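Trainee: Could you have a look at this structure, given as structure tokens, before my questions?
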Amino acid sequence: HGEDGEDGLLYIAMEFLRGRSLAQELSRGGAMPPKRAIHILRQVCRSLQEAHQAGIIHRDLKPDNIFLVDIQGERDFVKVLDFGVAKLKDKEAGESTLTQAGMIFGTPKYMSPEQARSQPLDARSDVYALGVILYEMLMGRPLFSGDNPLAILIAHVNERPRRFAEVNPGAEVPPALEAVVFKAIDKDPEARQLSAEALHAELEAVDELLQGATWESLADRLPGF
């Protein structure tokens, strides 16, 4: 909140965060073990759940905006930053107010196909970005990259994502987790998880699978797999 100080200057009080961004962590360590990646992404999903329920879309999710804090010895406590470009969905009109006259907001490497086309957005655009981030965490490299931002946007719209075995044959990623990621990065929003809450539920089920739960006990929480 802005306040008037004694000298008449405006200032903003902000939380001081001690830690590092997910982008810094990825540049330092490369691909992450699946359990750690799930632990981080589940927290990001929880951070977005209330926003999505209120019709608010972040629309600039990226590793730079995911901050990892160590609190009382607990590693990878997550803070999601920069809701500054998020806007409230116009529920009465039934359309998003997130695009204006062909303008595009966001970061090309993590932008959904519909955002690249400057189309109306909903929570599934954030789900796509989360899927792209998780892909990078597990593979140690972005889904699409290049020096030309326009080429990256076109790739999100048209290019087939490479399966994990093509990108990193040595990566030990459970098939159920790969399925969750590729569902999130489907070019058709209708094929993705509906919201961060739905993505969280699927990641939670995969996490339990890694801890020894049976596939049968989790089948209803991993629809379509």
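The values are calculated or read from the model by the stated rules, or taken from the named source; none is laboratory data. The model shown is predicted, which means the values in this text are computed figures rather than measured ones. Because the Cβ atoms are built from the backbone with ideal geometry, glycine has one as well, and the counts that use them run over all protein chains shown. SASA here: full protein model, heavy atoms, side chains in, ligands and nucleic acids out. Shrake-Rupley method; radii C 1.70, N 1.55, O 1.52, S 1.80 Å.
Trainee: Taking all protein chains as present, what is the carbon and sulfur share of the accessible area of region 25-85, in % to the nearest whole number, probe 1.4 Å? All intermediate terms of the calculation are to be shown ahead of the outcome.
Mentor: Values: 1390 of 2840 Å².
Solvent-exposed carbon and sulfur of region 25-85 make up 49 percent of the total.
Trainee: If you count, for each residue, the other Cβ atoms within 10 Å and average over each peptide, how do 158-165, 32-39, 118-125 line up from highest to lowest? All intermediate terms of the calculation are to be shown ahead of the outcome.
Mentor: Working: 158-165: 12.8, 32-39: 18.1, 118-125: 20.5.
Peptide ranking by packing, descending: 118-125, 32-39, 158-165.
Trainee: I've got another one for you. Roughly how many nanometres apart are two label points built 7 Å out from the Cα toward the Cβ at ALA201 and ARG46?
Mentor: 1.8 nm
Trainee: Can you work out the FRET efficiency for the pair LYS35 and SER217, with r the C-beta to C-beta distance and R0 = 25 Å, to the nearest 0.05?
Mentor: On the way: r = 19 Å, r/R0 = 0.75.
Step by step, r from the Cβ atoms, then E = 0.85.
Trainee: Taking N as the number of residues in region 138-189, what is its Cα Rg relative to 2.2 N^0.38 Å?
Mentor: Details: Rg = 11.9 Å, N = 52, 2.2 N^0.38 = 9.9 Å.
Cα-based Rg divided by the globular estimate yields 1.21.
Trainee: Next question. Could you calculate the FRET efficiency of ARG75 with ARG160 from 1/(1 + (r/R0)^6), where r is the beta carbon distance between them and R0 is 35 Å, rounded to 0.05?
Mentor: Numbers: r = 35 Å, r/R0 = 1.01.
Once rounded, the FRET efficiency stands at 0.50.
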